[in-house]
Amino acid sequence: MKRKKIIHILNSETPWDNIHIKGWVRTRRSSKGFSFLEVNDGSCLKNVQVVADHSVPNYNDVEKITTGSAVSIFGRLVASPGKGQKWEIHAETVDIISIAPESYPLQKKRHSDEYLRTIGHLRPRTNKYGSVFRIRSEISFAAHQFFRDRGFRYIHSPIITGSDCEGAGEMFRVTALDLENIPKKNGKTDFIHDFFGKEVNLTVSGQLSAEMMALALGDVYTFGPTFRAENSNTARHVAEFWMIEPEMAFCDLEGDMAIAEEFVKYLTAFAMDNCREDLALFSTFVDKTLLATLDTIISSDFLKLPYQEAVDILKNTGKKFEYEINYGNDLQSEHERYLTEEYFKKPVIIFNYPKEIKPFYMRMNNDSKTVAAMDLLVPRIGELVGGSQREERYDVLESRMDELGIAKENYWWYLDSRRFGTVPHSGFGLGFERLLMLITGITNIRDVIPFPRVPGQIEF
RNA sequence: UCCCCAGUAGCUCAGUCGGCAGAGCAAGUGGCUGUUAACCACUGGGUCCGCGGUUCGAGUCCGUGCUGGGGAGCCA
């Protein structure tokens, strides 16, 4: 008989004979002659309560079952006379797949997030992290659904890249050279002898590839890992994270902002509709205001504000900031959080940034001072999305690259796209972990990715 | 990388003025015929983060290193 998943059993409308489950025991409570086993198989947050008594042939062994042990149970699903659950299983047989010794690190009590990070291989077995990773899976699916419903194509951008373009931070070098015997030329590493014959790195963004694909397929998106070797030690940064990057041909900045807003609302609503039980855990134990926050995101119009106006607001608000705000400087974390958390109290999109603080590929506005860039700021997280209309005019792009001292010969293919049938196009990047922080209320990015990579730490 | 805080039992923490190492939970054993983080009783459990120093004596004071956390910068 095939095992039934616990989520399926708990949603049953009727009692059920001859049922088979497999899972891990969260706790066992015993009285003289019988035991209650709380069994979880990861299919949902809830456990199923199993009642076993002397009618089970190996009852002596059942009394030795410990927290964390794995079991396979046959029995009958019946209405539970006890409080706290609709159904329970009366066991006919309890097969012990494996016993967890007393050294099992997860106890029948709440643990700190800091401790659970030290046992990253076991923390998905807890209620909280089980919920996190189920939601992560659901929202991944929802992202694909969103784009597919709108005619976008999913593209796979390369992980290993030869272009150091995006200027998005320090990169991880990828090499097949023998590090004990590095070939040198004029005192420097000679990458001509390396696998690709040139210096290559792990990608920091799929954007440039996505642009090439958008200029053929129309609307595309990437959803993959990206890597930053920045020595960032904050609750919002990891060295390996997942990014969703749509890129749309024949789309301007306004269209870009509209799709970003629609996307964030869609994913939030999807979580509210499809992850209710797991979200309830977060709204109870992590952030009591979570559901209200998510409602605000779904129901409010995101405020769209030119950079110049954002600066004016920050200057005139009278609030003391640690860093002074001046036109031409990038907004600091405290400024962004003030705007979205205190001043507007909802998501804010800031656009038309000074060209000096943005990369070469963003489209120059008619004022020749600002570029068609936008950042979506949300409460508690800060920057969730960064995007822009891309510079599609060959001569303007070329002069911007010259201005910034970018080696054009490395981007000949990128420039080619502006020579052959160039069109206005736009896109953005959304940090998937930051979105999960927004949706779950979890405040440390290390707790929304299964095995976080941060400076000096890669145990799992 | 910078600033701040912390490190004591498996976990979460207390430890007064420098003078015998503590609690709750967890675990183990026993009890209990419907439990809900079950309950009751008993038992075991310590490199007080490492190294160095001050002192008759250091978990406690000083120096240093490591690890973790919070904030900042960089960014998504």
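Figures for the structure shown
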item	result
Unit Cα scatterers, Debye sum, region A:84-145: log10 I(q)/I(0) for q = 0.18 Å⁻¹	-0.93
Loop sites in region A:251-335: GluC sites (Glu not before Pro), DSSP, at most 13 other Cβ within 10 Å	A:GLU322, A:GLU324
Cleavage-rule hits (chymotrypsin sites (Phe, Trp or Tyr not before Pro)) in region A:350-402: DSSP loop, at most 15 neighbouring Cβ within 10 angstrom	none
Segment A:TRP412-A:ALA216, extension gain: residue separation times 0.36 nm, minus the distance between their alpha carbons	68.8 nm
Long-range tail of P(r) for region A:6-98 (Cα pairs > 18 Å, %)	36
Efficiency of FRET between A:THR66 and A:SER140 - r from beta-carbon atoms, R0 41 angstrom, step 0.05	0.75
Relative contact order, percent, region A:6-98 [alpha-carbon distance under 8 Å, six or more residues apart]	31
Cα pair distances of chain A binned at 20 Å [whole percent]	21, 45, 26, 8, 0
Percent of C-alpha pairs per 5 Å bin, region A:64-179, short to long	2, 7, 9, 9, 11, 14, 13, 10, 9, 7, 4, 3, 2, 0
Extension reserve of the A:ILE313-A:GLN457 stretch, reckoned as 0.36 nm per residue once the Cα distance is removed	47.8 nm
Of the trypsin sites (Lys or Arg not before Pro) in region A:174-281, those whose Cβ has at most 13 other Cβ within 10 Å and which sit in DSSP loop	A:LYS198
Separation in nanometres of the label points that stand 7 Å from Cα toward Cβ, at A:ARG173 and A:LYS86	6.0
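Every number in this text was worked out from the coordinates using simple rules, so none of it is lab data. Everything numeric here is computed off the predicted structure, so don't read it as measured data. Here the Cβ is made from the backbone with ideal geometry for all residues, glycine too, and neighbour counts use every protein chain on show.
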